[in-house]
Amino acid sequence: MTRQISRRSMLKAAGAAAGAVGIGTAVLPTPAVAAGAYAHPGLLHTGADLGRMAAKVKAGAAPYTAGFAKLTANRHAQSGWAASPQEIVFRGEGGPQNYVTLYNDVHAAYQNALRHHVSGDSAHADTAVAILNAWSAQLTSVQGSADRFLAAGLQGYQIANAAELVRDHPDFELGRFQEMLSTVFAPPSDSFLADHNGAVVSNYWTNWDLAAMCCVLATGIFCDDKAQVARAVEYFKHGEGLGSVRNAMPVVLDDGLAEWLEAGRDQGHALLGVGLMGTFCEMAWNQGIDLYGYDDSRFLKGAQYVAKWAMGGEVPFTANTRRKGAINGWSGSETVTRAAPVDPAMTRPIWAMIANHYTKRRGLSASYLTQIAAKSGPEGGGGDYGPNSGGYDQLGFGTLAFTRDKATGAGTGTGGSPGPAASASASAGSGSGSGSGSGSGSDPRPQTGGSTASPSASASASAAGDLAATGSNDIVGWTAATGITALAGGLLLLRRRDRARRA
């Protein structure tokens, strides 16, 4: 079947809303990519990462062995997994939901591919390839209520990561898979970031934007599409919606923390959002784009805030009012005055990746991240955190995949790159760089734009445990709009405190 590729030329970005150009550290340039391809593998895992995992497990090193045991015990990581591809995937109200089939198969493909790289067992690679080929041969669209954007975003970035691990397998249908990403998963995600389903730009919470952003970025890297990558990075920096970095963390505090907006909603969605922003930053980092350190390492401050809060610590929260509704339709607002209550036992496999970046790659102090990562380990993956979709929102296995030795030269406290400076070209650090399989902790990816980071010290999930089950916000009968309008005075009306500053 031939699919017509449809992409928006540019996502609408920036303007007056909450943090345009000129605040914080210097804006990084659009990634410079050498003629041809990005670095592959180069989404969540590089060749050096995969070599490190294999070497550490072979040597019986902790905590890698515990992380690998979590992987091999997962039912999705078995070479006997058989795919159940669908022509149409549906999520949300208005029809029978079958997106469960998609996310189970996606996680099976990812886990088998990862297990192959660590163990060397080709049967797992063959299984991953068979799953991915089956879906690219049959899937034509993702449909449903507003929740279709979540299915496209979450499963889009995940399936790209699974495929990145087997893209060189002789039986993998690379071109057909790229077509599926470009015509089935990426267009809804691009569309959501451009017009937010016809809603006012702040109607949808942070995690909605971040799911779409991850899909756009992963698709761009996997398909070697520079424009797609540039749109995703630009949205992270200056996007109008609540998923851009300054809107997700609108208040930076003097103690080195930054308030995570969705902490005012509930714990489950806040964890989802932090995990997705970490995923976005990691995929960008592996292509030489430093978003972890962007705007004075703002994400570090927000992740520290959520880690402290999720462990039961006291955190401040600046009251804010969020506009809701459809453009040229219904309208309303919602005011949040305090951080939601938490269950310190709730966890998701998001912390090892973030903690290891800041403390091991960069040598920074991040006490809350260190504590919660230790508490959450060894991290599992899809299927280890409940049967509903919330348990599949992250690919996981961070203890195995992201534990690293401290990088040589880290610990300066500057937030800058521990590695040698280099241009952000796709030819650098292609996966064969130093440290592959050595466990040395060196990072082959070029880094730019380091900045000073400040070291620091029941509204939970829905009853079904579905961290991304936000379809109740879907408004029946919305009339699609052709664009979005920046809100006067910014996205959020914040009641400032003396010790808080609005970026």
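Table for the structure above
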| quantity | calculated |
| --- | --- |
| Cut-off under 5 Å, modelled amide H: who pairs with GLY243 long-range | ASP209 |
| Average accessible surface area per residue within the stretch 92-237, 1.4 Å rolling probe, Å² | 22 |
| Segment ALA66-ASP255, extension gain: residue separation times 0.36 nm, minus the distance between their alpha carbons | 64.5 nm |
| Amide proton proximity set for GLN143, modelled H, under 5 Å, gap of 5+ | VAL89, PHE90, ARG91 |
| Per residue solvent-accessible surface (Å²) - the stretch 296-384, probe of 1.4 Å | 34 |
| Percent accessible area from carbon and sulfur atoms, the stretch 189-239, protein chains only, probe 1.4 Å | 47 |
| Over 18 Å (Cα to Cα) - which of LYS301/LYS360; LYS301/LYS406; LYS56/LYS360; LYS70/LYS308 fall in this group | LYS301/LYS406; LYS70/LYS308 |
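The values are calculated or read from the model by the stated rules, or taken from the named source; none is laboratory data. No experiment lies behind these values; they were computed from the predicted model shown. Areas reflect the complete protein model, heavy atoms only, side chains present, ligands, DNA and RNA absent. Shrake-Rupley method; radii C 1.70, N 1.55, O 1.52, S 1.80 Å.
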